[in-house]
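Accompanying notes for the structure given below.
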Amino acid sequence: SFSIFTASVALASGGFFDVNTTSYFVHFWTVGLAMAGGALFHLALIFPKESRWSRRWPFLNWAGYLITVIISLFALPTLFNYQNPYAYIPAWQIAYLFVGLTSLAFVVLTTIRRYSSPSPVIRQQAIVIMWSGIIAFTPIMIWFFVTAIRSETAFLPQLLLPLGVFPIGVAYAILRYRMINTDYIFSR
């Protein structure tokens, strides 16, 4: 889910220029944006430790991806609708709201894990992930919520810069406690 999330954010970030210029890859951008929300929801349920909800109801892990498919199927036909050229705006507002809500859910669920986990390792990982998520997602999350309400809100590319903090924080949380045995991997 982390790989899907980072690839989706890269697709959405890289496609931002195309959305505002040639619009050749708007379909990929739209799906990538929605997929970032779905993958972040999945990541919130399983990282740094699988939640009780995820263990009890395993289908919850796929709920974010199902919503992604629904949003994408709703949004894609509206993109180049020449009879109604502004039909894409409500579809994108729904995608913005979805990504904003999943970002908020990620921060809230990580904060809950920070304070409720009996394991000190999980608590330390959760605090690193929580703060990197807050730093990375707060500016763009605010923009998503504002744009879901007021579609004429201008996007500032500087909002994408804090997103780089999140993968660094996750990598630090994983490598600090050697969840991945890098010595074994590199020796092979």
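The values are calculated or read from the model by the stated rules, or taken from the named source; none is laboratory data. The shown structure was predicted, so the numbers you read here are calculated from the model rather than taken from an experiment. All Cβ positions, glycine included, derive from the backbone under ideal geometry; neighbour counts span all protein chains shown. Only protein heavy atoms, including side chains, enter the accessible area calculation; ligands, DNA and RNA are left aside. Shrake-Rupley method; radii C 1.70, N 1.55, O 1.52, S 1.80 Å.
Descriptive notes on the structure:
- Share of pairwise Cα-Cα distances greater than 19 Å in the stretch 131-181 is 40 percent (whole percent).
- Compactness check for the chain: Cα Rg over 2.2 N^0.38 Å is 1.09.
- Helix 2-20 vs. the chain, principal-axis angle (Cα, 0 to 90°, nearest 10): 30 degrees
- At the listed q of 0.15, 0.25 Å⁻¹, the Debye profile of the stretch 53-137, built from one uniform point per Cα, gives log10 I(q)/I(0) equal to -0.71, -1.15.
- What you get for the chain, charging only the Cβ of Lys and Arg (+1) and of Asp and Glu (-1), is a dipole of about 820 debye around the Cα centre.
- Inter-label distance, nm, simple model (7 Å from Cα along the C-beta direction), Phe17/Ser117: 3.8 nm
- Per-residue extension of 0.36 nm, minus the Cα-Cα distance of Ala87 and Lys49, leaves a gain of 9.6 nm for this segment.
- For the stretch 31-100, chymotrypsin sites (Phe, Trp or Tyr not before Pro) meeting the loop criterion (DSSP other than H, G, I, E, B) and having at most 13 other Cβ atoms within 10 Å: Phe80, Tyr82, Tyr86.
- Magnitude of the charge dipole for the stretch 35-131, about its Cα centre and with charges confined to Cβ atoms of Lys, Arg (+1) and Asp, Glu (-1), is about 480 debye.
- Folded to 0 to 90 degrees: helix 88-116 orientation relative to the chain principal axis, Cα: 10 degrees
- Angle between the chain longest axis and helix 26-46 axis [Cα atoms, degrees, rounded to 10]: 30 degrees
- Within the accessible area of the stretch 53-188 (1.4 Å probe), percent carbon and sulfur: 71 percent
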